[in-house]
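Just below is one structure, and these are the notes that go with it.
The values are calculated or read from the model by the stated rules, or taken from the named source; none is laboratory data. Values in this document were obtained by computation on a predicted structure and should not be read as measured data. Backbone-built Cβ (ideal geometry, glycine too); neighbour counts: all protein chains shown. Note: areas computed on protein heavy atoms with side chains; ligands, DNA, RNA excluded. Shrake-Rupley method; radii C 1.70, N 1.55, O 1.52, S 1.80 Å.
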Amino acid sequence: MNKSQVIQWLQNFATEIERNKEYLTELDAAIGDADHGINMERGFKKVASQLSSLADKDISTILKTVSMTLISTVGGASGPLYGTFFLRASAAVTGKEKLATEDLLKLLRLGLEGVIQRGKAQLGDKTMIDVLSPVVDNFQKSVDNNQTTLVAMQQVVIVAEQAMKDTIPMLAKKGRASYLGDRSIGHQDPGATSTYLMLKSLLAALES
Ligand code: ADP
Ligand code: MG
């Protein structure tokens, strides 16, 4: 994955967020406070406006800038969590001019670990972790099997889509949705859904 594909990933994600703003907000209306799409759109609109000025920066700097922008603009639980994801992702690829498959694995793994540290959620708590964690496991398998980045990401998106749907029967144990107790069951988690969009956007950047 080269630098222009990283920029394309972020552009694609901003576009997906804009396209799914209402959908993400509806999901959050069911089990939260109806702002996930609005929060994410505010942040990624700002990110998208910065991308052209980031084109000559290195990958780590690009990701770090995204992190800072998200922390300062998104708000809610998801702002610091996505901010932490991109901050750790940035640190995972310091000095890299392009990302080998192992580098992308490290980016995703350290991003996941940052979100876990920051939010203290565990697998099955009905959060973005429920998509990120199986994705990192699957990506690790692909690396072990010497798959290309493209093939690894194609599998990741299939895993992520299923993992997103698997949040529907879960009982929320973290974030606002946890206040609902049993009533959180039967609804897809908004953060798990935006995380799926992030991974789908990454695949689209590799395919472009
Ligand atoms: P808020 O809940 O503050 O309104 P958002 O609506 O933007 O923030 O984001 C909600 C999403 O954040 C949830 O759907 C969930 O995926 C994610 N989330 C909330 N708390 C945590 C946590 N502790 N760890 C990981 N993800 C979390
Ligand atoms: Mg919310």
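Just give me the residues in the range 173-192 being charged (D, E, K, R), part of a helix (DSSP H, G or I) and more than 8 Å from ligand 1 (Cβ to nearest atom), in sequence order.
From the range 173-192, those charged (D, E, K, R) are 173-174, 176, 182-183, 189; that's our starting set.
Those still in the list that are part of a helix (DSSP H, G or I) too: 176, 182-183.
Result: 182, 183.
Would you be able to say whether some residue in the range 44-56 is among the charged types (D, E, K, R), out of contact with any helix residue (DSSP H, G or I) (no Cβ under 6 Å at 6 or more places or on another chain) and open to solvent by 20 Å² or more (accessible area, probe 1.4 Å)?
Of all residues in the range 44-56, those among the charged types (D, E, K, R) come to 45-46, 56.
If we keep only those that are out of contact with any helix residue (DSSP H, G or I) (no Cβ under 6 Å at 6 or more places or on another chain) as well, we get 45, 56.
Still in the list and also open to solvent by 20 Å² or more (accessible area, probe 1.4 Å): 45, 56.
The answer is yes; a qualifying residue exists.
Please tell me if residue 105 is surrounded by fewer than 22 Cβ atoms within 10 Å (Cβ to Cβ), more than 10 Å from ligand 1 (Cβ to nearest atom), among the aliphatic types (A, V, I, L, M) and within 15 Å of residue 5 (Cβ to Cβ). Lay out the reasoning, then the answer.
Working: surrounded by fewer than 22 Cβ atoms within 10 Å (Cβ to Cβ): yes; more than 10 Å from ligand 1 (Cβ to nearest atom): yes; among the aliphatic types (A, V, I, L, M): yes; within 15 Å of residue 5 (Cβ to Cβ): no.
So residue 105 does not fit the description; no.
On the given criteria, is residue 150 within 16 Å of ligand 1 (Cβ to nearest atom), among the aliphatic types (A, V, I, L, M) and either open to solvent by 30 Å² or more (accessible area, probe 1.4 Å) or farther than 24 Å from residue 3 by Cβ (or both)?
Numbers: within 16 Å of ligand 1 (Cβ to nearest atom): no; among the aliphatic types (A, V, I, L, M): yes; either open to solvent by 30 Å² or more (accessible area, probe 1.4 Å) or farther than 24 Å from residue 3 by Cβ (or both): yes.
Answer is no for this residue.
Under the condition of being touching a Lys or Arg at 6+ places or on another chain (Cβ under 8 Å) and open to solvent by 60 Å² or more (accessible area, probe 1.4 Å), which residue from the range 63-90 is nearest to ligand 1 (Cβ to nearest atom)?
Residues of the range 63-90 that are touching a Lys or Arg at 6+ places or on another chain (Cβ under 8 Å), as a first pass: 65, 69, 73-75, 77, 80-81, 84, 86-87, 90.
Now narrow it down to the ones that are open to solvent by 60 Å² or more (accessible area, probe 1.4 Å): 77, 87.
Working: 77: 4, 87: 15 Å.
Filtering first and then ranking leaves 77.
Within the range 10-62, how many residues turn out to be closer than 19 Å to residue 188 by Cα, in contact (Cβ under 8 Å) with a residue 60 or more places away in the chain and more than 15 Å from ligand 1 (Cβ to nearest atom)?
1
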